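K.L.:
Can you keep this structure in mind? I'll have questions shortly.
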């Protein structure tokens, strides 16, 4: 199945994509660890079935030094020993923030307490914003049928950085 539409082929799409990418680049400059950002983005993208974003975040994480073992175990992070408690809190927030329709209360108090334990206010702002942003990116890519496989690490920063 081919992509339905390319945002970069019209003025409105280009303006939107530049601002959207700018938000992503802003979050990358936060104090939230890069590895945590990629793990969270990967997990939300897995849940949402976004091949384009899975491809991007696996490749960006690997280029930043993330191990293959950790990348392979993101989908089963609860049954894995390779993630820190802080990363587990971030992954739980990512899952609960992505699956809002599955839980009327959204993110549970226990998950929120763990996030507050491991991250400062600036990192929490980045983490919550990242969960919202990656879910929006997943929806754009899935709606437009963007496929995974051709992303090159660093392409987003090169195009919009």
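Laboratory data are not the source of any read-out in this text; all were calculated from the coordinates shown. Keep in mind that this is a model prediction, so the values were computed, not measured. Note that each Cβ is placed from the backbone with ideal geometry, even for glycine, and that neighbours are counted across all protein chains shown.
K.L.:
Only counting other Cβ atoms within 10 Å, I'd like 47, 143 sorted with the fewest neighbours first.
P.N.:
Placing the least packed residue first, the sequence is 143, 47.
K.L.:
How do 125-136, 108-119 rank on mean C-beta neighbours within 10 Å, highest first?
P.N.:
By packing density, highest mean first, the sequence is 125-136, 108-119.
K.L.:
Using the alpha carbon gyration tensor of the range 1-73, what are the three equivalent-ellipsoid semi-axes (square root of 5 times each eigenvalue), largest first, in whole Å?
P.N.:
They are 25, 17, 9 Å, listed largest first.
K.L.:
Compute for the chain: radius of gyration divided by Kirkwood radius, i.e. Rg/Rh, restricted to C-alpha atoms, rounded to two decimals.
P.N.:
So for the chain, dividing Rg by the Kirkwood Rh gives 0.96.
K.L.:
Could you state the angle between the C-alpha long axis of helix 121-143 and the longest principal axis of the C-alpha atoms of the chain, as a value from 0 to 90 degrees rounded to the nearest 10?
P.N.:
It works out to around 40 degrees.
K.L.:
Separate question: Sort 63-75, 6-18 by packing, meaning the average of other beta carbons within 10 Å per residue, with the highest value first.
P.N.:
63-75, 6-18
K.L.:
Where q = 0.14 Å⁻¹, what log10 of I(q)/I(0) comes from the Debye formula for the range 36-120, counting one point per Cα?
P.N.:
Computed log10 I(q)/I(0) values: -0.46.
K.L.:
Can you check what the Kirkwood hydrodynamic radius comes to for the range 50-91, Cα pairs only, in Å to one decimal?
P.N.:
The answer is 10.9 Å.
K.L.:
Treating the angle as unsigned and between 0 and 90°, give the value, to the nearest 10°, between the Cα long axis of helix 85-98 and the longest Cα principal axis of the chain.
P.N.:
50 degrees
K.L.:
Using alpha carbons only, how many degrees (0 to 90, rounded to 10) separate the axis of helix 109-118 from the longest principal axis of the chain?
P.N.:
90 degrees
K.L.:
Another one. Note the direction-averaged projected area, equal to a quarter of the hull surface, for the Cα convex hull of the range 98-156, in nm².
P.N.:
Here the figure is 5.8 nm², rounded to one decimal.
K.L.:
On to the next question. Can you compute the helix-only [θ] at 222 nm over the chain? Use -39500 (n - 2.57) per DSSP H run of at least 4 residues, normalise by all residues, nearest 500 deg cm²/dmol.
P.N.:
The helix-only estimate for the chain comes to -20500 deg cm²/dmol at 222 nm.
K.L.:
Round to a whole angstrom and tell me the spacing of the C-alpha centers of the range 86-158 and the range 1-77.
P.N.:
Taking the Cα centre of each part, the range 86-158 and the range 1-77 sit 10 Å apart.
K.L.:
Could you list 93, 156 in order of exposure, starting from the residue whose Cβ has the fewest other Cβ atoms within 10 Å?
P.N.:
156, 93
K.L.:
Sorting 81, 36 on the 10 Å Cβ count, fewest up front, what's the list?
P.N.:
Taking fewest neighbouring Cβ atoms as first place, the list is 81, 36.
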